[in-house]
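Notes follow the structure.
The values are calculated or read from the model by the stated rules, or taken from the named source; none is laboratory data. Owing to the predicted nature of the structure, the values given are computational and were not obtained by experimental measurement. Neighbour counts are summed over all protein chains in view; Cβ atoms, including those assigned to glycine, are modelled from backbone coordinates with ideal geometry. Protein only, heavy atoms only, side chains kept; ligands, DNA and RNA dropped before computing areas. Shrake-Rupley method; radii C 1.70, N 1.55, O 1.52, S 1.80 Å.
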Amino acid sequence: MKLSRIAIATTLLLVVAAGALFLFFFERFSEEVDLGYGAEARRNPFLAAEQFLERIDIPHRRADNIAVVSALDESDALFLASSSQIYNSDRLWELMDWIERGGQAIVVAHSSGGEHEQDLLLEMLGLEVATGDLDLYFNQQVREMFGEDASKLQDKTISELMREHNRKLAEPEAGSEDVQKDAADAGDAPARDPDVDPDRLINLTSDSGASYALYFNPHKVFTHEMMDQGADTDVNGSPLHWVPFQRISTQAPLVFYEYGRGRLTLMTDGELWHNHRIGEFDHAYFLAHLVGERSLVMVTQPRFDTLGNLIKRYALEFFVAALLTIAAWIANRSRRFGPLIAPPASARRSLLEHIRACGHFYWRHSRGENLYEQARAPLLHKLCGQRQNALTAEQCRQLSETVAALTGLSASDIFHTLWGEAPRNEDDFTARLRSIQIIEAAL
């Protein structure tokens with residue numbers, strides 16, 4: 001019992017000593033780990049732009065679709081994430097009428113590459129979206145991988161580029177420790193101005209003197225048949241001005257259209273104000289410059305009412321229409337009051353006319369002989385039995401005289417009726433059938 005108490009006390013002392021040593025030598029430190037965009041930023045690529053507008057006190061709100069134009073004031077600004085949201089000519093001219101009254105619209109040109117796809121806004125302005133000049137040196141992804149050596153690798157294939165890149169990674173470089181140290185000191189934050197050739201930047205100067213440096217992805221650009229003849233042209237009596245690249249005057253990523261008292265701004269790069277690029281160069285400040293002191297309405301993810309919402313919204317109209325339909329059906333099916341019109345008499349012909357019509361039909365189709373044979377066959381069977389085909393001419397005449405005594409007909413008429421050839425005209429056919437009826441009645 002005494003030994004157990006000593007063991008317990010010793011164990012407790014060791015635990016306390018270990019805890020004291022751990023707390024004495026333990027050093028707390030914090031480390032920030034980039035987990036990427038949050039759920040809201042992944043759902044809304046313009047979240048950073050909205051937060052920037054809130055920070056500089058520019059009022060903004062979201063709208064479901066282009067139908068919001070009818071409720072906009074002339075002092076508002078509208079942002080459309082795709083020109084395809086202008087889906088018919090009524091919406092197009094509703095937008096243009098609002099711009100003419102003083103509205104400011106910012107639209108990203110839609111370019112899916114479909115051959116039969118129609119963009120009403122671009123067609124009205126005579127613009128087309130084409131593929132820009134994407135050589136190796138200006139490819140941002142390749143420059144990030146190879147750095148300044150990218151300009152020396154333009155004539156190499158993709159496999160050669162990858163082997164070159166893997167070789168550089170495998171070779172130890174002099175002063176690599178210093179480079180890693182400098183990178184650690186600088187942190188992992190991306191540079192505000194990525195490594196982009198200056199000739200690819202668009203430099204704009206506002207009326208107030210403020211300058212904006214913008215980088216539009218050159219993958220998609222605007223083209224116009226008048227672009228190589230100047231900096232602007234006339235469309236529907238209003239000036240259309242484009243901002244081309246410095247070295248390529250026939251390709252422009254940005255277009256301004258002054259219409260009435262308002263302005264339409266068209267651009268090809270829809271990611272200029274996305275979360276991962278709004279902090280580059282002067283993209284955010286250019287957005288604030290376009291909006292100015294207006295209230296911005298953003299249509300980024302268009303949504304339309306479902307059938308259930310439409311039914312809820314117009315429930316009264318649906319109910320009234322259903323009642324009117326039921327009332328009209330009841331009125332159509334209900335009994336009318338007043339005297340009824342007598343039904344017209346059905347047109348009928350006598351049995352004799354019907355027989356005559358059938359006879360003419362069969363006679364015109366050369367069926368008279370067949371009908372005649374079928375009419376006298378039962379009579380011959382009744383008179384001769386099974387011997388009708390074995391009778392001689394003399395026996396047939398004797399039998400005709402016997403039948404003539406019973407019917408009152410001549411023996412020659414009975415002979416021709418029973419054993420003669422089929423009639424060749426309608427009168428003979430009728431007379432033969434009448435003789436058959438008289439013989440049947442007498443027998």
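Report, by residue number, each residue of region 213-223 that is open to solvent by less than 30 Å² (accessible area, probe 1.4 Å) and within 27 Å of Met96 (Cβ to Cβ).
Leu214, Phe216, Val221, Phe222
Residue by residue, here is whether (1) in contact with a strand residue (DSSP E or B) (Cβ under 8 Å, 6 or more places away or on another chain); (2) closer than 16 Å to Leu127 by Cα holds:
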site	(1), (2)
Asp195	no, no
Asp199	no, no
Ile202	yes, no
Asp207	no, no
Ser211	yes, no
Phe245	yes, no
Gln251	yes, yes
Tyr257	yes, yes
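Of all residues in region 291-304, how many are crowded, with 17+ Cβ neighbours inside 10 Å and at pLDDT 90 or above?
The qualifying residues number 6.
Give region 214-264 a look and list any residue that's modelled with pLDDT of 85 or more and hydroxyl-bearing (Ser, Thr, Tyr), or say none.
Within region 214-264, Tyr215, Thr223, Thr233, Ser238, Tyr257, Tyr259 qualify.
If I ask for residues that are closer than 30 Å to Thr300 by Cβ, of a type in the set (A, V, I, L, M) and either over 60 Å from the mean Cα position of the chain (by Cα) or loosely packed, with under 10 Cβ neighbours inside 10 Å (or both), which ones from region 1-43 would you list?
Those that are closer than 30 Å to Thr300 by Cβ, of a type in the set (A, V, I, L, M) and either over 60 Å from the mean Cα position of the chain (by Cα) or loosely packed, with under 10 Cβ neighbours inside 10 Å (or both): Val33, Leu35, Ala39.
Give the residues of region 273-310 that are within 13 Å of Ile56 (Cα to Cα) and part of a loop (DSSP other than H, G, I, E, B), sorted by residue number.
Gly292, Glu293, Arg294
Please verify whether Gln51 is among the polar types (S, T, N, Q), under 21 Å from Tyr285 (Cβ atoms) and surrounded by fewer than 19 Cβ atoms within 10 Å (Cβ to Cβ), treating the condition exactly as stated.
So Gln51 passes the test.
Considering only residues that are surrounded by fewer than 19 Cβ atoms within 10 Å (Cβ to Cβ) and in contact (Cβ under 8 Å) with a residue 24 or more places away in the chain, look in region 237-262 and name the one that is nearest to Asp76 (Cα to Cα).
By that ranking, first place goes to Arg261.
May I ask you to verify whether Thr392 is β-branched (Val, Ile, Thr) and more than 13 Å from Ile439 (Cα to Cα)?
yes
Can you say whether Arg424 is within 18 Å of Ala377 (Cβ to Cβ) and of a type in the set (Lys, Arg), as far as the supplied structure shows?
Against the criterion (within 18 Å of Ala377 (Cβ to Cβ) and of a type in the set (Lys, Arg)), Arg424 does not qualify.
Are any residues in region 224-236 outside any loop (DSSP other than H, G, I, E, B), over 18 Å from Leu204 (Cα atoms) and open to solvent by 40 Å² or more (accessible area, probe 1.4 Å), and if so, which ones?
Asp228, Gln229, Asp234
Residues in region 77-97 that are surrounded by 21 or more Cβ atoms within 10 Å (Cβ to Cβ), not in a helix (DSSP H, G or I) and not aromatic (Phe, Trp, Tyr): how many?
Result for region 77-97: 4.
Somewhere in region 274-281, is a residue touching a strand residue (DSSP E or B) at 6+ places or on another chain (Cβ under 8 Å) and of a type in the set (A, V, I, L, M, F, W, C)?
Within region 274-281, one or more residues are touching a strand residue (DSSP E or B) at 6+ places or on another chain (Cβ under 8 Å) and of a type in the set (A, V, I, L, M, F, W, C).
When only residues in region 191-212 that are loosely packed, with under 10 Cβ neighbours inside 10 Å and farther than 16 Å from Ile248 by Cα count, which is modelled with the lowest pLDDT?
Ala191
Among the helices (runs of 4 or more DSSP H) confined wholly to region 349-443, which include 2 or more residues that are among the charged types (D, E, K, R) and open to solvent by 70 Å² or more (accessible area, probe 1.4 Å)?
Where helices (runs of 4 or more DSSP H) fall fully within region 349-443 and carry at least 2 residues being among the charged types (D, E, K, R) and open to solvent by 70 Å² or more (accessible area, probe 1.4 Å), they are 351-364, 368-384, 393-407, 426-442.
Restricting region 392-443 to residues that are out of contact with any His (no Cβ under 9 Å at 6 or more places or on another chain), polar (S, T, N, Q) and in contact (Cβ under 8 Å) with a residue 24 or more places away in the chain, which is farthest from Arg364 (Cα to Cα)?
Thr407
Scanning for something surrounded by fewer than 16 Cβ atoms within 10 Å (Cβ to Cβ), of a type in the set (S, T, N, Q), at pLDDT below 95 and closer than 22 Å to Leu240 by Cα, does region 108-123 turn up at least one residue?
Yes; the residues of region 108-123 include at least one that is surrounded by fewer than 16 Cβ atoms within 10 Å (Cβ to Cβ), of a type in the set (S, T, N, Q), at pLDDT below 95 and closer than 22 Å to Leu240 by Cα.
Is it true that some residue in region 57-71 is open to solvent by 70 Å² or more (accessible area, probe 1.4 Å), more than 17 Å from Val299 (Cα to Cα) and either hydrophobic (A, V, I, L, M, F, W, C) or free of Cβ contacts under 8 Å to residues at least 24 places away in the same chain (or both)?
yes
Tell me, which residue of region 252-282 that is touching a helix residue (DSSP H, G or I) at 6+ places or on another chain (Cβ under 7 Å) and of a type in the set (Val, Ile, Thr) is farthest from Ser206 (Cα to Cα)?
Restricting to residues being touching a helix residue (DSSP H, G or I) at 6+ places or on another chain (Cβ under 7 Å) and of a type in the set (Val, Ile, Thr), the top hit is Ile278.
What are the residues in region 305-337 that are under 30 Å from Tyr87 (Cα atoms) and surrounded by fewer than 10 Cβ atoms within 10 Å (Cβ to Cβ), if any?
Thr306, Leu307, Gly308, Leu316
Would it be correct to say that Asn275 is touching a Phe, Trp or Tyr at 6+ places or on another chain (Cβ under 7 Å) and of a type outside the set (Ser, Thr, Tyr)?
yes
Somewhere in region 312-327, is a residue farther than 25 Å from Arg42 by Cα, touching a residue at least 24 places away in the same chain (Cβ under 8 Å) and part of a loop (DSSP other than H, G, I, E, B)?
Checking region 312-327: not a single residue is farther than 25 Å from Arg42 by Cα, touching a residue at least 24 places away in the same chain (Cβ under 8 Å) and part of a loop (DSSP other than H, G, I, E, B).
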